[in-house]
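Beneath this line is the structure, given in structure tokens, with notes to follow.
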Amino acid sequence: MATNEVKLPFAQNPDGRMVHISEVPNGLACDCICPKCQTSLVAKKGKKMQHHFAHEGRGSCKGAVESALHKAAKQVLAEGHVIHLPEYWCTIQGFGNQKLFNEIVWEYQKVAQEQQIKECGEHVVADVVLKDGKRKLIIEIAVTHPIDEEKAGKIRKMNLSVVEIDLKQHLDTIHNFDDLKKILIDKLHNKTWIHSSKKEELILKKRQELITELKSHRNLLKTPVIPNKSPKNKK
Ligand SMILES: [Zn+2]
């Protein structure tokens, strides 16, 4: 579903928090603004249409739905501490398809939003960065702009661990904040590994194993062949 067909389901309240249409009173009493253009919003909670926020006294606001979903998603991840991640298979040249991770419920302790990351002469702005004691995982929220090949190339060059969460396919299933939480935290089929720094570690490990194996073969070839002494007079 394209976002221009989708009505605004989330808005920013006076505390700066994102709230769902289901949590606020009808009309201007919702006391919310658009996170994109900061205009006052009216909560439309009638009987006919799907409940949504509308801009007061004006029509559409390009990018409002995308911006609101991004902010709401970042809020969910920032306030949580676990995320369910899918297994990750990748192709390593010369070694075929390799499984890097099993499916996992990963616990994180720190969260940063909209962080600039610079490595190897490249830079990306990460939607959300989750960290535990030793690992760092970037979460990219895709609404209308999934990660393109150019950005994926940068991510691989920078050797960052990145998972993309697709919200676009699920826009019409979000009826409250809990639905959004389930999509972001529990569901797996909407999450895609773009790259993992563990892949580079695995490549190094596989190469090392290969070198060790080649060396042992070479040593075997150098070993002088001692002919088997068959017992004489064997009857
Ligand atoms: Zn707006």
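The values are calculated or read from the model by the stated rules, or taken from the named source; none is laboratory data. Predicted model only: the values in this text are computed from it and were never measured. Using ideal geometry, Cβ is built from the backbone for each residue, glycine included, and neighbour counts are taken over all protein chains shown.
Against the list (1) part of a loop (DSSP other than H, G, I, E, B); (2) within 16 Å of the ligand (Cβ to nearest atom); (3) out of contact with any helix residue (DSSP H, G or I) (no Cβ under 9 Å at 6 or more places or on another chain), the condition LYS71 fails is (1).
Are any residues in the range 46-61 touching a residue at least 24 places away in the same chain (Cβ under 8 Å) and out of contact with any helix residue (DSSP H, G or I) (no Cβ under 7 Å at 6 or more places or on another chain), and if so, which ones?
Scanning the range 46-61 gives MET49, GLN50, ALA54, GLU56, SER60, CYS61.
Considering the range 36-63, and only residues there that are within 13 Å of the ligand (Cβ to nearest atom) and small (Gly, Ala, Ser), the residue that is surrounded by the fewest Cβ atoms within 10 Å (Cβ to Cβ) turns out to be GLY59. The residue that is farthest from GLN75 (Cα to Cα), among those in the range 134-174 that are of a type in the set (Lys, Arg) and not in a loop (DSSP other than H, G, I, E, B), is LYS157. For the range 85-111, the tally of residues that are of a type outside the set (Val, Ile, Thr), in a strand (DSSP E or B) and surrounded by 15 or more Cβ atoms within 10 Å (Cβ to Cβ) stands at 6.
Answer yes or no as to whether HIS189 is at pLDDT below 90, within 29 Å of HIS51 (Cα to Cα) and either assigned to a helix (DSSP H, G or I) or of a type outside the set (Asp, Glu) (or both).
Working: at pLDDT below 90: no; within 29 Å of HIS51 (Cα to Cα): yes; either assigned to a helix (DSSP H, G or I) or of a type outside the set (Asp, Glu) (or both): yes.
No: the conditions fail for HIS189.
Just one of the numbered conditions (1) more than 28 Å from LYS206 (Cβ to Cβ); (2) assigned to a strand (DSSP E or B); (3) not basic (Lys, Arg) is not true of GLY46: (2). Inclusion of ILE83 among residues that are under 26 Å from LYS182 (Cβ atoms) and in contact (Cβ under 8 Å) with a residue 24 or more places away in the chain is warranted.
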